[in-house]
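Worksheet for the structure shown next.
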Amino acid sequence: PQRTYIFTFLLSSRVFIHPHELLAKVGQICLKQKQQLETGTEAEKAKLKSFTAKIIQLLKEWTETFPYDFQDEKSMKELKEIAHRITQCDEENGTVKKIISQMTQNLLMALSARSQYQEIREKFRQPVTDKGTILKTKPQSTQKDILNVCCDPLILAQQLTYIELERVSNIYPEDLMQIVSHMDSLDNHKCRGDVTKTYNLEAYDNWFNCLSMLVATEICRVVKKKQRTRMVEFFIDVARECFNIGNFNSMMAIISGMNLSPVARLKKTWSKVKTAKFDVLEHHMDPSSNFCNYRTALQGAAQRSQTANSNREKIVIPVFNLFIKDIYFLHKIHTNRLPNGQINFKKFWEISRQIHDFLTWKQVECPFEKDKKIQSYLLTAPIYSEEALFIASFESEGPENHMEKDSWKTLR
C-alpha cells in the first residue's frame, strides 16, 4: 500500500486495538506466510522475498512515524520476534539484517530523545496560571516592558514563531489521535487505560493563553495614554508580521489579548490608535461562516509552503484550538463504524489527512536565529491575573458606567 494508506491505518487502528496487539497480529501473519512459502519452489521463494520487503516497509513506516508505540516491552518483544523471523528469510545476503539493525538503532534513538524531553518536562511541570500578579501599577521608570527588550515588530514576530515551532515539534500524531480515542467510543475501552497523557496539547494551549494575557498585561500596565497607544499599535504590527510569516497561532493569541475586556474598554486609548491595520486583522480572524476568511488565508499559506524554496516561505502554524476543534468535529459527525459493522475508513482517512498536513508543517526548520533575551522575556515576564488586569485598566481609564463602577468597587 501507499505511505498515506499505511499512515492512516496505523494512526486510526489505535482507536480500536492496542498497538502491541496489532503488532502481534502482524507477527502471526509473518509466521504463517513463512511456513507456507518456505517449503518450496523458486516461485514461492520469490514470493517470500517480496513478502519480506513489504513487512520491512510496514515496520520502517511504523517505527519512524509512531516510535512511541514501541515504548512498552510487549511491542518491543513483538518487533524483535518479527525481525528475527524475516531475517531468517534472507540469511545468504544479510541485507535484511542490516536494514533491521539500522531501523532498530533509529527507533532507540527516537525513544531516548523523547524520554529525555519527558524528564525535562516533568521537572518544569508547574501550573501555568499567573506567573506573577502585581496589583498596584509601579512607576514607569522601574518597570521593564516589551518595548525595552524589542521594539521591532518583525523581530518579535520571528521570535514568537521560533517558540511556536519549538512547541509544535513536541506534538505527535498519536497525541492528536487521543482527541478521537479519548471520546465516548465503545471500541476503545480496552486501550483507554494506558493512553499517553495529553500534556503536550495542554502545554501548547497554555502557551496561547499566556501570550494573550502577556499582551493584555503589557498594554494595561502602561500608565501614560500616549505610551499605551504606542504599545497597542506595536502589537497590531507584531500580529500583522505573524500573519505575513504564516504564524496564525501567535497572531490569534495577540488579537485575543487585545479583545479581552480590560483592554477593549480603554476607549480613550483606542480613539488615538490608527485602527485600519487592526480592522484588517480582525477581518482575517472573523469567526463568521466557521472562520471562512482565516481558512482561506491558511489554504494560501499551505499552497505557498508546498512550492517554497526557502524555509522562511514554508512556515504554516495554524490556530491550534481551531485545528483541534476540526478534528473533534469530524469525529463527532461521523460514526466509527458503518451500518454493516465495518470500520468507517473514510472518516479516518479525512482525520489523518488533516493530521498529516500538521505533521508536514511542524517539520519545517525555523529559519530565524534564537534571541535568548527576547524569548526569556516572552516566556517569563510577569502576567497579570484577570483581576489585576481590570485594576490596572480602571487605574488608567476610570469606570464609565454603573456596571464598571460596581466592578471597580468590588475589586478595590
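Considering every residue within the stretch 30-40, establish whether at least one is modelled with pLDDT of 85 or more and within 26 Å of the chain's Cα centre (by Cα). Walk me through how you get there before you give the answer.
In the first step, residues of the stretch 30-40 are kept if they are modelled with pLDDT of 85 or more; the result is 30-32.
With within 26 Å of the chain's Cα centre (by Cα) added as a condition, the list becomes none.
No, the stretch 30-40 contains no residue that is modelled with pLDDT of 85 or more and within 26 Å of the chain's Cα centre (by Cα).
Go through THR307, THR380 for me and flag whichever is more than 28 Å from LYS144 (Cβ to Cβ) and among the polar types (S, T, N, Q).
Being more than 28 Å from LYS144 (Cβ to Cβ) and among the polar types (S, T, N, Q) holds for just one of THR307, THR380, which is THR307.
Here the helices (runs of 4 or more DSSP H) wholly within the stretch 253-336 that include at least 2 residues being under 15 Å from PHE235 (Cα atoms) and aliphatic (A, V, I, L, M) are 261-264, 276-284. Check whether at least one residue in the stretch 129-151 is modelled with pLDDT of 80 or more and of a type in the set (Ser, Thr, Tyr), and report yes or no. No, because not a single residue in the stretch 129-151 is modelled with pLDDT of 80 or more and of a type in the set (Ser, Thr, Tyr). Of the residues making up the stretch 201-218, not one is within 18 Å of ALA381 (Cβ to Cβ), surrounded by fewer than 16 Cβ atoms within 10 Å (Cβ to Cβ) and of a type in the set (Asp, Glu). Only a single item in (1) surrounded by fewer than 18 Cβ atoms within 10 Å (Cβ to Cβ); (2) at pLDDT 95 or above; (3) of a type in the set (Phe, Trp, Tyr) is not met by TYR294, and it is number (1). For ILE155, indicate whether it is surrounded by fewer than 20 Cβ atoms within 10 Å (Cβ to Cβ), part of a loop (DSSP other than H, G, I, E, B) and modelled with pLDDT of 85 or more. So ILE155 fails the test. Beta carbons closer than 6 Å, at least 6 apart along the sequence or on distinct chains, pair a first residue in the stretch 26-37 that is on the phi < 0 side of the Ramachandran plot with a second that is of a type outside the set (A, V, I, L, M, F, W, C) for GLY27/GLU78; GLY27/GLU81; CYS30/ARG85; LYS34/ARG85; LEU37/GLU44; LEU37/LYS47. Across the stretch 47-90, the number of residues qualifying as touching a residue at least 40 places away in the same chain (Cβ under 8 Å) and among the charged types (D, E, K, R) comes to 11.
Taking LEU107 as the residue in question, decide whether it is under 23 Å from LEU359 (Cβ atoms), of a type outside the set (Asp, Glu) and open to solvent by less than 90 Å² (accessible area, probe 1.4 Å). Yes; evaluated as a whole, the condition is true for this residue. Answer yes or no: is there a residue in the stretch 73-90 that is in a loop (DSSP other than H, G, I, E, B) and either of a type in the set (S, T, N, Q) or at pLDDT 90 or above (or both). Taking every residue of the stretch 73-90 in turn, none turns out to be in a loop (DSSP other than H, G, I, E, B) and either of a type in the set (S, T, N, Q) or at pLDDT 90 or above (or both). May I ask you to verify whether TRP349 is under 30 Å from THR4 (Cβ atoms), open to solvent by less than 40 Å² (accessible area, probe 1.4 Å) and among the aromatic types (Phe, Trp, Tyr)? No. Could you please give the count of residues in the stretch 297-313 that are open to solvent by less than 80 Å² (accessible area, probe 1.4 Å) and under 19 Å from ARG353 (Cβ atoms)? Number of matching residues: 5. Here the stretch 45-103 is the region considered, the condition is being over 24 Å from VAL15 (Cα atoms) and touching a Leu at 6+ places or on another chain (Cβ under 6 Å), and the residue that is most open to solvent (accessible area, probe 1.4 Å) is LYS47. Restricting attention to the stretch 163-182, the residues being within 19 Å of LYS373 (Cβ to Cβ) and surrounded by fewer than 19 Cβ atoms within 10 Å (Cβ to Cβ) number 1.
The single condition among (1) assigned to a helix (DSSP H, G or I); (2) charged (D, E, K, R); (3) within 21 Å of PHE208 (Cβ to Cβ) that LYS370 does not satisfy is (1).
For the stretch 385-401, the tally of residues that are touching a residue at least 12 places away in the same chain (Cβ under 8 Å) and in contact with a Phe, Trp or Tyr (Cβ under 9 Å, 6 or more places away or on another chain) stands at 4. Looking at the stretch 377-386, is at least one residue in contact with a strand residue (DSSP E or B) (Cβ under 9 Å, 6 or more places away or on another chain), in a helix (DSSP H, G or I), closer than 30 Å to GLU164 by Cβ and modelled with pLDDT under 95? No, the stretch 377-386 contains no residue that is in contact with a strand residue (DSSP E or B) (Cβ under 9 Å, 6 or more places away or on another chain), in a helix (DSSP H, G or I), closer than 30 Å to GLU164 by Cβ and modelled with pLDDT under 95. Filtering ARG228, ARG221, ARG240 for residues that are at negative phi and surrounded by fewer than 21 Cβ atoms within 10 Å (Cβ to Cβ) leaves a single hit, ARG240. Output yes when any residue across the stretch 358-371 is open to solvent by less than 20 Å² (accessible area, probe 1.4 Å), farther than 20 Å from SER181 by Cβ and of a type in the set (Ser, Thr, Tyr), and no when none is. Checked against the condition, which is being open to solvent by less than 20 Å² (accessible area, probe 1.4 Å), farther than 20 Å from SER181 by Cβ and of a type in the set (Ser, Thr, Tyr), the stretch 358-371 yields no hits at all.
The values are calculated or read from the model by the stated rules, or taken from the named source; none is laboratory data. This one's a predicted model, so the numbers in the text were calculated from it and none came from an experiment. Reconstructed Cβ throughout: ideal geometry from the backbone, glycine too, with neighbour counts over all protein chains shown. What goes into the accessible areas is simple: the full protein's heavy atoms, side chains included, and nothing from ligands, DNA or RNA. Shrake-Rupley method; radii C 1.70, N 1.55, O 1.52, S 1.80 Å.
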